[in-house]
Amino acid sequence: MNFDDTPQEAAFRAEAKAWISANAPKQYEEELRKSSLGRTALKGANILEVAKAWQKKKADAGWACLHWPKEYGGRGSSPIERVIWQQEEGPFGKLSGMFIIGHGMCGPTMMAFAGEEQKRKYLPPLASGEKVWCQLFSEPAGGSDVAGLRTRAEKSGDDWVINGQKIWTSGAHYSDYGILLTRTDPNVAKHKGLTMFFLDMKSPGVEVRPIKQASGQSDFNEVYFTDVKIPDSQRLGAVNDGWNVSLTTLMNERMSIGAGVSTGFPELFDFCNSLMLEDGPAIEDRSVRSKLATYAVKASGLRYTSMRAISALSKGERPGPENSIGKLVAGSMVQEVAMYALDLQGAAGVLSGPEDAEVAGKFQAMLLRAPGTRVEGGTDEIMRNIIAERVLGLPGDIRVDKDVPFNEIPTKGRA
Amino acid sequence: MNFDFSDEQKQMRDEARKFLAEKCPPKAVREVLDGKAPYDKALWKGLAEMGFLGVAIPEAFGGAGAGHLELCVIAEEMGRANAPVPFSSTVYLAAEALLLAGSDAQKQKWLSKIASGEAIGTLALFEGKGNPSPKAIKLQASGGTLTGMKKPVPDGAIADFAVVAARTGSTGRDSDISLFLVDLKAGGVEVKSLTNVDPTRGQAELTFKNAKAEPLGAAGDGWSILTQVLDRAAVLLAFEQVGGSDRALEMGRDYALDRIAFGRPIGSFQAVKHILADMYVSATLARSNCYYGAWALSTNASELPEAAAAARISATQAFQHCSKNNIQVHGGMGFTWEFDCHMYYRRANTTALTLGSLSYWEDQLIDRMRKKNAA
């Protein structure tokens, strides 16, 4: 049991470190380091431009999408090298937020299902951040139950004609391309009549409407499709096999381990270390210490769980469903930590302005963003189902719509 | 980085699991639980023969000289099997104190007897309610003898010797405390068995009346040695707690698959699935914290105090969480004497207290994190 790099890993780390130190946008380092969940904005700079510039620089020097093959804009690195890079990139990694969906999910799906010519055309500009991709899966009627989606794709000559609506699409408002899951046969069971495509987000008939979220931010969108044409050559996988294609996409999400999930604990510990309560320093208070300790061991437990996963990766094992626990634990923890930090501020905890609130309103921003974290990419309850079914081997939920043709599944609850 | 046990260590774990499955089935645990024996003597002898009692004791003192990572994997299996033997008191507390502070002669005498299964040892620290604290130690040492009372002493009624924390000064500082070795069979000690929440790990009251004692470590070093012993024992006991957590989770999972209600296995209901998923989460977080503790223990890293407290807290929470929810998943059957659920529930709630309570270790963790931050 050790934390040492192999000589090969150490050499890779040294090379990465040197390059990052010479090239990273250092002027934003402090701000990025201090930014917490729900608040990665840069003062006096357009974060999209800063992020794109950093990504381009990485791509030009061969540090983008490390695990992708070189011919598609990557580096052909091992998973462990990717983790080492993430550790060394540190706060600058927060700039990759807008590329996560493209790099983590759309790219791998393209790699598995697009034609060779398409891969060479579309993947390198995705890797370099010149083109941003989004993932058009969720719908008002298909959130956790993704296969319940209703956006239709109908064949018309060599094209498909798309009509319908997507929702919760992160980054659609600045995306150039998207992967799109549609219904192509409503007469068969819901998982069996789906087909996957990729499309140009600037196609006629695509309308993106940002959603103002509970946090006050607008990271997500509704996307409407009105007679949007997609050539059949942009179909990914076989007609009506879209569910299997989407599973590839979702499996790739798990490869994103090691990125380090945000728990809010370091922020809370620092806060309590400096906060004065009526009776003295907060950190001297027994109840504060008890709370802090409980959060501390959750945060360290997650950190070492991810180290165990990285060790397994370096031995060539594939990440499994057990990695669902990161999001499950961190999501609700951020929410609890934020609530507790506000509780410690008493009446003034309601203030959120950077000038008026403690720690520039960091915990208030965290509080308002946290509910989204617990829902996006699968709710806490879906995560628990995944653990129960795929890790512990418990029976799947009863699915009354399993073998029912999609167009016969009830769509309303109380009549 | 290799944040995992080696193949050899995993092999040892499998060996211990197989051995315990055969020699320590729930039926054997019940013999002790039902009061038919104070501990499982045959199992204790078998553990000695397997080399498990002396796994971290150097060969020079009669042990296997393997190391503390190996002891961690054995500890996990002892917890998983709920073994009714004085393993934690003898191996984590008495042996570690001897390893840290014993003279060569003391090590030669007692460690070899521990490894061979001839001697059961314990640590006599507490004097009634409360957590580890130099102030709470009233038992007096003078002229090579001890006078005073200790309770609860884990496995005190079956122990051959005890490491005893005694007061040797009156300055009000930690240096007032010194450690002593007492041969409990040599007279001068009254031993009274106490009933406790988990009869498979006995507790006793020891009353010392001018009992002969020899110093363990330098005079005045007692508290500093004790702190190290408790940290090391915290990591080892945390592995037992993780073993117990995993077993409780397995029991709950198996029952949820077998038990039919409302025409379905109860494990197909989300409410039950989610209880089990949460058990898995707490056991996994605890295991990961324990691995860090194991690394710190085996390398004697400066991170050990913080790592030990984190492992201890996380494993205590996980074992309590898993053992109570295992009963919940079993429903009414889980509350019967006949089912094994309560054995793990008892063990979880007693191990939670034996080295100082959860709140004590929470306090320790934050203290240690602050010191590290300030450094």
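What follows draws every value from the coordinates through simple rules; no lab data is involved. No experiment lies behind these values; they were computed from the predicted model shown. Because the Cβ atoms are built from the backbone with ideal geometry, glycine has one as well, and the counts that use them run over all protein chains shown.
Worth pointing out:
- Residues whose amide H comes within less than 5 Å of that of B:Leu194, counting only those at least five positions distant or on another chain, are B:Gln203, B:Ala204, B:Glu205 (H built at 1.01 Å from N in the peptide plane).
- Once backbone amide H atoms are built at 1.01 Å from N, A:Ser170 has A:Gln135, A:Asn221 as its partners under 5 Å, excluding neighbours fewer than 5 places away on the same chain.
- Counted over chain B, the DSSP beta bridges are approximately 80% antiparallel.
- For chain B, the longest principal axis of the alpha carbon atoms and the long axis of helix B:341-354 meet at an angle near 30°.
- For q = 0.08, 0.14 Å⁻¹, Debye-computed log10 I/I(0) when each Cα of chain B counts as one equal scatterer: -0.39, -1.19
- Range of Cα positions in the stretch A:13-95 per principal axis (Å), largest first: 36, 25, 21
- In the stretch A:182-279, one over the average inverse separation of all distinct C-alpha pairs is 18.0 Å, which is the Kirkwood hydrodynamic radius.
- Directionally averaged projected area (convex hull, Cα atoms, the stretch B:120-265), nm²: 10.8
- Each residue of the stretch A:165-176 was assigned a 3J(HN,Hα) from its phi angle through the Karplus curve 6.51 cos²θ - 1.76 cosθ + 1.60 (θ = phi - 60°); the sequence is 9, 10, 8, 6, 7, 5, x, 4, 6, 10, 8, 9 Hz, with glycine and proline shown as x.
- 28 Å Cα-Cα reach of B:Lys185 towards lysines, excluding residues that sit fewer than 8 places from it in its own chain: B:Lys36, B:Lys41, B:Lys45, B:Lys107, B:Lys109, B:Lys113, B:Lys129, B:Lys138, B:Lys150, B:Lys151, B:Lys209, B:Lys212
- The order of A:Lys70, A:Lys52, going from fewest to most other C-beta atoms within 10 Å of their C-beta, is A:Lys70, A:Lys52.
- A viscosity of 0.890 mPa s and a temperature of 25 °C, combined with the Kirkwood radius over C-alpha pairs in the Stokes-Einstein formula, give the stretch A:209-251 a diffusion coefficient of 183 µm²/s.
- Acute angle (nearest 10 degrees) that the helix B:222-258 long axis makes with the longest principal axis of chain B, alpha-carbon atoms: 20
- The stretch B:18-42-the stretch A:149-165 distance, computed between alpha-carbon centres (Å): 68
- Cross-link pairs beyond the 24 Å C-alpha cut-off, checked among A:Lys94/A:Lys166; A:Lys34/A:Lys131; A:Lys34/A:Lys298; A:Lys166/A:Lys192; A:Lys119/A:Lys190: A:Lys94/A:Lys166; A:Lys34/A:Lys131; A:Lys119/A:Lys190
- When exposed loop sites are taken as trypsin sites (Lys or Arg not before Pro) in a DSSP loop with at most 14 other Cβ atoms within 10 Å, the longest stretch of chain B clear of them is B:186-375.
- For B:Leu125, no residue has an amide H sitting under 5 Å from its own, ignoring neighbours fewer than 5 places away on the same chain, with H placed 1.01 Å from N.
- Using distinct alpha-carbon pairs, which all enter the 1/r mean, Kirkwood radius of the stretch B:1-133 in Å: 15.6
- Straight-line cross-link partners of A:Lys291 among the aspartates and glutamates, defined as a Cα under 20 Å from its Cα and at least 8 positions apart when in the same chain: A:Glu267, A:Asp270, A:Glu278, A:Asp279, A:Glu336, A:Asp343, A:Glu358, B:Asp278, B:Glu306, B:Glu362, B:Asp363, B:Asp367.
- For the stretch B:181-297, the spread of Cα positions along each principal axis, largest first, Å: 68, 35, 16
- In chain A, excluding the sites themselves, the longest stretch lacking any of the GluC sites (Glu not before Pro) that are in a DSSP loop with at most 12 other Cβ atoms within 10 Å is A:1-277.
- Restricting the stretch A:268-365 to trypsin sites (Lys or Arg not before Pro) in coil, as DSSP defines it, with at most 13 other Cβ within 10 Å: A:Lys315
- Along its three principal directions, the equivalent ellipsoid of chain A from the Cα gyration tensor extends over semi-axes of 37, 27, 22 Å, largest first.
- Sparsely packed loop sites in the stretch B:289-375 (the chymotrypsin sites (Phe, Trp or Tyr not before Pro) outside DSSP H, G, I, E and B with at most 11 other Cβ atoms within 10 Å) comprise B:Trp337.
- Percent breakdown of C-alpha pair distances by 5 Å bin, ordered from the shortest bin, for the stretch B:209-278: 3, 13, 13, 11, 9, 8, 8, 7, 6, 6, 6, 5, 3, 1
- Computed from the Cα positions only, the extents of the protein assembly as shown along the three principal axes stand at 100, 62, 54 Å, in decreasing order.
- Rg/Rh for the stretch A:61-167 (Cα atoms only, Rh after Kirkwood) is 1.05.
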